[in-house]
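Enquirer: Sharing a structure, written as structure tokens. Questions coming.
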Amino acid sequence: MYKELILFRNELKNKSIPKYKIIGIVSELLLSRQIFLKNSDIEEFLSEVFGLKFKTYLFKSRTMVVARVTKEIIAMEKDNEYKNKLYKFVQGKIDELKDNEKKEKNQFDGWI
């Protein structure tokens, strides 16, 4: 997932991104169990990045969440606001994965 996050970050750096690319990036993130272990984590992400609130029944299925978020992204007009927040989120996850990888390597170094 680390390589995909780097690709997403590079796409989000561009000044103008078509909505279909943003929808693809968000869909990949929402469906990933490595990024969001629980469906309840998705709720926090959506309120943070997009300012979206949905009813709790929707979060029982990730595919329903993806469909609903896709619909909302298509309807949104202010692309730059959520694009920048999405970029910050992806960058944070990249840093988090780097830190986890370093910690795992350090734990095994003591045993060797």
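Only the coordinates and a few stated rules stand behind these numbers; no lab work does. Quick caveat: nothing in here was measured; it's all calculated off a predicted structure.
Enquirer: For the chain, what does the helix formula give at 222 nm: sum of -39500 (n - 2.57) over DSSP H segments with n ≥ 4, over the residue count, nearest 500 deg cm²/dmol?
Expert: -24000 deg cm²/dmol
Enquirer: Something else now. So how long is each side of the chain along the principal axes, counting just the alpha-carbon atoms, biggest first, in Å?
Expert: 55, 36, 18
Enquirer: For region 61-78, just list the computed ³J(HN,Hα) in residue order, Karplus coefficients 6.51, -1.76 and 1.60, θ = phi - 60°, integers in Hz, with x standing in for Gly and Pro.
Expert: Once rounded to whole Hz, the list reads 10, 5, 5, 5, 5, 4, 4, 5, 5, 4, 4, 5, 5, 4, 7, 5, 9, 8.
Enquirer: Now a separate question. For Leu52, what residues show an amide H to amide H distance below 5 Å, using hydrogens built from the backbone and excluding near sequence neighbours?
Expert: Ser47
Enquirer: Give me a comma-separated list of calculated 3J(HN,Hα) values for region 42-54, in order, Karplus coefficients 6.51, -1.76, 1.60 applied at θ = phi - 60°, integers in Hz, x for any Gly or Pro.
Expert: 5, 4, 5, 4, 5, 6, 6, 7, 9, x, 9, 10, 10
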